[in-house]
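The values are calculated or read from the model by the stated rules, or taken from the named source; none is laboratory data. Computed from a prediction, not measured in an experiment: that's the story for all the values here. Note that each Cβ is placed from the backbone with ideal geometry, even for glycine, and that neighbours are counted across all protein chains shown. Please note that ligands, DNA and RNA were not included when accessible areas were found on the heavy atoms of the full protein model with its side chains. Shrake-Rupley method; radii C 1.70, N 1.55, O 1.52, S 1.80 Å.
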Amino acid sequence: MSLRRAVSASLLAASLTSLSTACGQQHPAVGVPPVNRADGGTPSSPPGTPSRQGRVDTGLVYFTSAPGAVREVRAVLRRPDELSAFARLFGERSREIIARAKDIDFTRTPLVGWSTITGCAQWPSARLHRTDDTLRLIPAPHPKPPPECYAPFHTIAVFQVPKDRLPAQPRFAD
């Protein structure tokens, strides 16, 4: 009987450790100064020069932050079929993701799809920033997560990004 209890206790400890690790993946609410120019350039770059640093998206096509398991995916979506393939990864949400992007002109405005685990923090929104060739997901300010975490949150975001603001070979930050 004591072996059975020891095994049960070990399994419980492993489960709690695993759960606390997932909930410990918090992303701080980072304050990033806004880009002040309409062309996306930084204040120190000449007018008409696209930004190589700062916010690059012009808005969210789709956003959700909810508990539940989703795949972590990061992709530049340059065609409707790429959007469909990205959306299908998220089951029931796929129709809504595709519907919200129905008016996108992919020749001028590709999309960036990003899904990630946010731990116990539920994000109200997010922004997409660029530093050189690296794209980074920045959460909107959000409340401090509770000390207990029963199910980690996942975020799915699809951003509109003017073609000239995307790096030729984008890298995605962790």
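Here are the numbers:
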{"quantity": "Among residues of region 97-119, those that are of a type outside the set (V, I, T) and open to solvent by less than 10 Å² (accessible area, probe 1.4 Å), counted", "calculated": "7"}
{"quantity": "Of all residues in region 62-81 being among the charged types (D, E, K, R) and either in contact (Cβ under 8 Å) with a residue 60 or more places away in the chain or not in a helix (DSSP H, G or I) (or both), the one that is nearest to S115 (Cα to Cα)", "calculated": "E72"}
{"quantity": "Residues located in region 157-172, provided they are touching an Asp or Glu at 6+ places or on another chain (Cβ under 7 Å), among the aliphatic types (A, V, I, L, M) and outside any loop (DSSP other than H, G, I, E, B)", "calculated": "none"}
{"quantity": "Some residue of region 126-140 being among the basic types (K, R), in contact with an Asp or Glu (Cβ under 8 Å, 6 or more places away or on another chain) and in contact (Cβ under 8 Å) with a residue 40 or more places away in the chain", "calculated": "yes"}
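Condition check ((1) on the phi > 0 side of the Ramachandran plot; (2) part of a loop (DSSP other than H, G, I, E, B); (3) of a type in the set (V, I, T)) across all residues:
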residue	(1), (2), (3)
R93	no, no, no
R127	no, no, no
P141	no, yes, no
E148	no, yes, no
A151	no, yes, no
T155	no, no, yes
D174	no, yes, no
